[in-house]
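The values are calculated or read from the model by the stated rules, or taken from the named source; none is laboratory data. Bear in mind the structure is a predicted one, so any value in this text is a computation, not a measurement. For neighbour counting, all protein chains shown are included, and Cβ atoms are generated from backbone atoms with ideal geometry for every residue, glycine included.
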Amino acid sequence: MKYSLFTVSVPEMTPEEALKKMKEFGYDGVDWRVTDIPTDPEILKEAPSYWRNNYCTIDIATIDEKAEEIRDLTAKYGLEINALATYLESSDKKEKIEKCMIAAAKMGCSRIRVNAHKYNKDLGYTNVFADAVRGFEMVQDLARKYGVKADFEMHHGTITAAASSARRLASYFDPKYIGVIYDTGNIIYEGFEEYQLALEVLGPYLDLVHIKNAKWIKKEVDGKETWMADWAPFTDGHADFPRFFKALKKVGYDGYVTFEDFSSEETSEQKLKNNLTFIKGIVDSI
């Protein structure tokens, strides 16, 4: 099993700063956050944050032009580029998805993330699903052309929140080109199925694992107390990591495990070090 970091998790670090720390703490690879870098001066004045002013981001506008530079920087620290984690969906323009495929091929990276659609109550599941299938038909053609796999994530709010719904979409395609990312934190928000069952359902489509944690807490919303899911530290959430890694072993998964952590109790550097130590301890015990 190999360990990677999705760089969305270290928003205040530059790419090189993140690579240096990852090498120091014992990671094997990196999942680069790939999206538009903001140009709004007001956003750029903000403190670093996960989804807005994130310094550890590769600009999707120039990723194909800078692919060799990113590859060489990563190799400088002895790390592998495990994935280009874009925020594209299968219905996005072919040119944007193709640009990331080209970049991945130049980097020697075997996969990019292209997500399934968000659920839309007005359109209804059947229509949203059909549109996602049409989009992934195009994505699969690109994957076949460039030899780069496209993975969609099990994510709350989408039509693939659970393993069973992810398998339904994936089953339309060749697992050589289209895969699924299982996420231990997202399923706490929506989509939990017994770990081993879920992994067995995904079968050959399971291509990558994201690990993070979450828990349900009471929050006040519009003056009323209600239960809501929120991100949590690795050691203080509802994810049952020992049981999950036993299930991974049972199904024979030995690929990459990619870390994310959106909790606020520790600094990014502390989380980088402590989360890897925590998970390695569990894996070694199994």
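What the table below lists for this structure:
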{"read-out": "Filtered residues of region 16-56 (kept if in contact (Cβ under 8 Å) with a residue 40 or more places away in the chain and either of a type in the set (S, T, Y) or part of a loop (DSSP other than H, G, I, E, B) (or both))", "value": "G26, Y27, D28, T35, Y50, W51, N53, N54, Y55, C56"}
{"read-out": "Matching residues in region 219-241 - criterion: being surrounded by 12 or more Cβ atoms within 10 Å (Cβ to Cβ) and either within 26 Å of D284 (Cα to Cα) or polar (S, T, N, Q) (or both)", "value": "W231, A232, P233, F234, T235, G237, H238, A239, D240, F241"}
{"read-out": "Qualifying residue in region 237-257 (condition: of a type in the set (D, E, K, R) and touching a strand residue (DSSP E or B) at 6+ places or on another chain (Cβ under 8 Å))", "value": "no"}
{"read-out": "Residue under evaluation E17, criteria (1) modelled with pLDDT of 95 or more; (2) surrounded by 18 or more Cβ atoms within 10 Å (Cβ to Cβ), criterion not met", "value": "(2)"}
{"read-out": "Residue identified as modelled with pLDDT of 95 or more, touching a helix residue (DSSP H, G or I) at 6+ places or on another chain (Cβ under 7 Å), under 21 Å from E193 (Cα atoms) and part of a strand (DSSP E or B) among A247, A214", "value": "A214"}
{"read-out": "Single condition A116 does not satisfy, out of (1) touching a residue at least 40 places away in the same chain (Cβ under 8 Å); (2) under 21 Å from R243 (Cα atoms); (3) under 15 Å from the mean Cα position of the chain (by Cα)", "value": "(2)"}
{"read-out": "Long-range neighbours under 6 Å by Cβ, at least six apart or interchain, first residue free of Cβ contacts under 8 Å to residues at least 60 places away in the same chain and buried (at least 24 other Cβ atoms within 10 Å of the Cβ) within region 160-188, second in a helix (DSSP H, G or I) and not hydrophobic (A, V, I, L, M, F, W, C)", "value": "A170/Y205; I178/Q140; V180/Y205"}
{"read-out": "Options G203, G135; residue that is assigned to a helix (DSSP H, G or I), over 30 Å from L73 (Cβ atoms) and in contact with an Asp or Glu (Cβ under 9 Å, 6 or more places away or on another chain)", "value": "G135"}
{"read-out": "Residue that is over 30 Å from D174 (Cα atoms), touching a residue at least 60 places away in the same chain (Cβ under 8 Å) and of a type in the set (V, I, T), where the choices are V283, V257, V221", "value": "V283"}
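Residue-wise test of (1) of a type outside the set (A, V, I, L, M); (2) without any contact (Cβ under 8 Å) to a residue 24 or more places away in the chain; (3) part of a helix (DSSP H, G or I); (4) under 21 Å from Q140 (Cβ atoms).
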| residue | (1), (2), (3), (4) |
| --- | --- |
| I58 | no, no, no, no |
| A61 | no, no, no, no |
| E65 | yes, yes, no, no |
| I70 | no, no, yes, no |
| T74 | yes, no, yes, no |
| A83 | no, no, no, yes |
| S91 | yes, no, no, yes |
| K96 | yes, no, yes, yes |
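The rows are residues; the columns are (1) at pLDDT 95 or above; (2) closer than 20 Å to K249 by Cβ; (3) touching a strand residue (DSSP E or B) at 6+ places or on another chain (Cβ under 6 Å); (4) of a type in the set (S, T, N, Q).
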{"residue": "A163", "(1), (2), (3), (4)": "yes, yes, no, no"}
{"residue": "R167", "(1), (2), (3), (4)": "yes, no, no, no"}
{"residue": "Y172", "(1), (2), (3), (4)": "yes, no, no, no"}
{"residue": "G179", "(1), (2), (3), (4)": "yes, yes, yes, no"}
{"residue": "I188", "(1), (2), (3), (4)": "yes, no, yes, no"}
{"residue": "A198", "(1), (2), (3), (4)": "yes, yes, no, no"}
{"residue": "P204", "(1), (2), (3), (4)": "yes, yes, no, no"}
